1. Give the span of the chain's Cα atoms along each principal axis, as three whole-Å numbers ordered largest to smallest.
2. Taking the alpha-carbon centroid of each part, what is the distance from segment 358-374 to segment 146-179 in angstrom?
3. Just to confirm a number: summing +1 for Lys and Arg and -1 for Asp and Glu over residues other than Val121 whose beta-carbon lies under 10 angstrom from that of Val121, what do you get?
4. Please list 3J(HN,Hα) in residue order for segment 459-474, calculated via the Karplus relation 6.51 cos²θ - 1.76 cosθ + 1.60 where θ = phi - 60°; whole Hz, with x for glycine and proline.
5. Using a Förster distance of 41 Å, how high is the FRET efficiency between Asp267 and Gln75, based on the Cβ-Cβ distance and rounded to 0.05?
6. Tell me which aspartates and glutamates have Cα within less than 13 Å of Lys209's Cα, excluding those fewer than 8 residues away on the same chain?
7. Give the order of Thr318, Thr493, Thr453 when sorted by the count of other beta carbons within 10 angstrom, beginning with the fewest.
8. Given a Förster distance of 41 angstrom, what is the FRET efficiency for Ala509 paired with Asp140, based on the Cβ-Cβ distance and rounded to 0.05?
Amino acid sequence: MRTLRLTRTRLRRSAVLLIVIGGVTLLSLRLGAQRGTDAAPADMLILNGKVYSAGTVNEAIAIRGRTIVGVGRTQDLERLRGPRTEVIDARGRAVVPGFNDSHVHFLSGGLGLRDVDLAGVASLREAQDKIRVFAQAKPDEPWVRGRGWLYSAFPGGLPAKEQLNEVVPDRPAIMVAYDGHTTWVNSKALQVAGITGATPDPVNGIIVKDPKTGEPTGVLKEAAQSLLNRVVPRPTEADRRSALRAAVAEANRLGVTSIQNASGSADEFKLYADAKAAGDLKVRTYSALSISPGFSEADADRFDAVRKLYGDDPVFRTGIVKIMADGVIESRTAGMLAPYAGVAISGNPNYSTAELDRIIAMMDKRGWQIMVHAIGDRTIRMTLDAFERAIAANPTPPRGRRHRIEHIETIDAADIPRFGKLGVIASQQPMHVVLGDMNMSKPSGPWPDNLGTERASRAWNWKSIRDAGGRITFGSDWAVAPLDPLQGIWLVTTRVTPTGMRDQKLPIAMAIDGYTAWPAYASFDEQRKGTLVPGMLADIVVLSRDIVAQPPAKATDVVVDVTIFDGSVVYRRQEERK
């Protein structure tokens, strides 16, 4: 009996030992396989940098295919260097996520690259000189086109047809203001378009006329610009493809790896889809479909079909609609709660309260994200009210709500905390502060002068909105302002505080987040981009210096050295190639 007990005991011990050995062996095999995967060579290594992301600072990044697989110390990731690994030595420079522009008109920006550039022109004479040189260089062009002029460059804030006639007397000329809401034309353009003193203003548009003669002055505001559409040559398909390629190259040069288009149509979407299929769309694109007054359930059905067609593709997709609810302050077409300074007009929103409520509720119910252009304090309040009513009336969509208001140039103090309470994102464009003549201690120009000191003191209140619990995101509004996100980062961190206004500057880390992590959230993309952590898409930018240790004092202080999109280098600055 004792012998039998000993035998059983030994058998049990042997069985336990075999189980332990087997378990250890299995665990070793698993760990070995894991080590083998981790130790496989990287396709690309970025070493010796200052990698800023998600509140941390690292030195190196490892990439396989389109994905980040490692972030950490250079000495740890060096082991992933293989014979075919592409190595970028960052040499202490800042490495940040690819920039994401939250509000851009990408195709318009690309088309505008071929026109006369009036951005930053400070006087009528300078504008005329640039237009003259451009026109003389293109004698065979049937129309002379340009964009970017500032209201402050002209006496009284608006140009006149005679000033354009002086430099382009022989053919039609059209020059769009920097904000896209006003167009300056010469007499030839008015003649070809059939615009006379007897032409009535279109809905939501103004043909500016001389109060004495009743004749057009050569300025068309808002929807009146559409009167040119029937006569101005439309871009051909080849023009549009070329413009998109030019826009992508410009984005790559500036470190922009994602954009959020603030307007679009099903026809334009095909252009992007074709570029993606050809491998030419090296910018992740989230495009809005544009809504117009009178939008119906049948229109919404067509939008739903377009959304289904493109799906949740990481390179090109939709899921957002754009509503243009008012105009701009410079031309006094933004909807204000009180009249503009010195005049009896307060601007009219493009929608009635009932119409805006109807459309927002309809699209919210269908699960669309909604972005609304709202610049004046009245229109901002109308939009917040419409969002609040839609939230109360409709069930929460499966992916949640991340509705947005675009621009928010001046806001009533009572509405600042409503962004946080309603979960509405404040999408703002920092360089508009410069264009609006507000980046100075004593602002003066069409924007502040039209509002008066009290309302101007709430200009672009992004820090106030954030401090009150709201989410913000930044963009350029290109072609309205330069596409360069580094100029925006400079403005956000150095913004001048006018007398009587609350300081709206943000620290450099937040400014970077404003063009990377925050836009990713604003487009439902925070799970795949916007931060540099393993598992994220490999969209990365190497800057010309450590921007955190040395924040830019001037808009031109920092440039992009290398842009990586989808795991491949798509731009390398000339100095970096040496």
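Read-outs: derived from the displayed coordinates by stated rules, not from any lab. On a predicted model such as this, the values are computed, not experimentally measured, just so you know. All Cβ positions, even for glycine, are placed from backbone atoms using ideal geometry, and neighbour counts span all protein chains on display.
1. Rounded to whole Å, the extents work out to 125, 59, 49 Å.
2. About 36 Å separates the Cα centre of segment 358-374 from the one of segment 146-179.
3. Working: positive: Arg125, Lys130; negative: Asp117, Glu126, Asp129.
In short, -1.
4. After applying 6.51 cos²θ - 1.76 cosθ + 1.60, I find 6, 6, 7, 5, 5, 4, 5, 5, 4, 8, x, x, 8, 10, 8, 10 Hz.
5. Working: r = 53 Å, r/R0 = 1.29.
The calculated FRET efficiency here is 0.20.
6. Asp201
7. Details: Thr318 26, Thr493 20, Thr453 15.
Result, fewest neighbours first: Thr453, Thr493, Thr318.
8. Numbers: r = 51 Å, r/R0 = 1.25.
Calculated transfer efficiency: 0.20.
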